[in-house]
1. Quick one: which of 140, 162 is more than 11 Å from ligand 1 (Cβ to nearest atom), closer than 21 Å to residue 50 by Cβ and at pLDDT 95 or above?
2. If you check 91, 42, 46, which single one turns out to be closer than 19 Å to residue 125 by Cα and among the charged types (D, E, K, R)?
3. If we scan segment 1-17, do we find a residue that is free of Cβ contacts under 8 Å to residues at least 60 places away in the same chain and closer than 30 Å to residue 171 by Cα?
4. Taking segment 132-145, which residues are within 12 Å of residue 112 (Cβ to Cβ) and crowded, with 16+ Cβ neighbours inside 10 Å?
5. Quick one: in segment 113-130, of everything that is in a helix (DSSP H, G or I) and within 16 Å of ligand 2 (Cβ to nearest atom), which residue is nearest to residue 5 (Cα to Cα)?
6. Answer yes or no: is there a residue in segment 96-105 that is under 21 Å from residue 159 (Cα atoms) and part of a loop (DSSP other than H, G, I, E, B).
7. Just for segment 1-21: of the residues that are among the aliphatic types (A, V, I, L, M) and more than 8 Å from ligand 1 (Cβ to nearest atom), which one is nearest to residue 107 (Cα to Cα)?
8. Quick one: is residue 58 free of Cβ contacts under 8 Å to residues at least 24 places away in the same chain and charged (D, E, K, R)?
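The values are calculated or read from the model by the stated rules, or taken from the named source; none is laboratory data. Remember, predicted model here, so these are calculated numbers, not experimental data. Reconstructed Cβ throughout: ideal geometry from the backbone, glycine too, with neighbour counts over all protein chains shown.
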Amino acid sequence: MTVTTFIFDVDGTLADTERDGHRVAFNKAFKAAGLDWDWSVELYGELLAVTGGKERIRFYLEKFNTAFAKPDDFDGFVAGLHASKTEFYTELLATGAIPLRSGVKRLMAESRAAGMRLAIATTTTPANVTALLGACFAPDAESWFEVIAAGDIVPAKKPAHDIYTYAMAQMKVSPEECVAFEDSENGIKSSVGAKLKTVVTINEYTKDHDFTDALIVLDQLGDPGDPMTVLEGKSDAEFVTVDLVKSLV
Ligand code: XBP
Ligand code: MG
């Protein structure tokens, strides 16, 4: 069956948002709330085991800061902290602090020119996707995607397959017509759980993850003059194109 649709993860795949984006915004929110919590680069690597910012805060308190006395309205406390983090994160993105990864802008442009159907399937908050697309692609970039499936729109976040299944249902496409782009083990568990063939571009936090089920594993999508390295799978190409992805399926 012909591949008609590309579904992209956001964090780690379109841009390296975690270390210098989300992590920094979490720490700013903690400080603004008068908390002395500080998520180091190393600790944040462990916290990434859990997707979703609110879920990550809870995980931190369960595993790494058990002495913290939870307030009575704990759900409200976490939600407030997370809303503040989202404000700091979107402000940070608007300054252009987080660039797109190699090849992302080019592949997105080529995909649009080739008439591919595009979607996003991410764990992050919708406002964060809006901010990233606007700051890194173009003011109208949200309109490039038929579906932006994000955040709490499905109750079970990645590694559950639900967000990809939701995006495909909205588009009325079958998994055979789609290819997913991911960067992490939780991400590929989600996409493969939704029966999607998946291209993986690793990053510093995910380089040792298990990507056995990937179509191909790369260090980056690459660009002319900035070649990709193939880590698992086979290709002699310098960078990922629409035709290359189709040829892998
Ligand atoms: C992304 C995430 C997100 C962000 C934080 O995972 O884990 O939780 O770190 O986003 P994926 P929010 O790339 O697999 O979708 O704070 O907005 O939840
Ligand atoms: Mg990701």
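1. None of the other options fit; the residue is 162.
2. Just a single option satisfies the conditions, and that option is 91.
3. no
4. Scanning segment 132-145 gives 137, 141, 144, 145.
5. 129
6. No, segment 96-105 contains no residue that is under 21 Å from residue 159 (Cα atoms) and part of a loop (DSSP other than H, G, I, E, B).
7. The selected residue is 14.
8. When the stated conditions are applied, residue 58 passes them.
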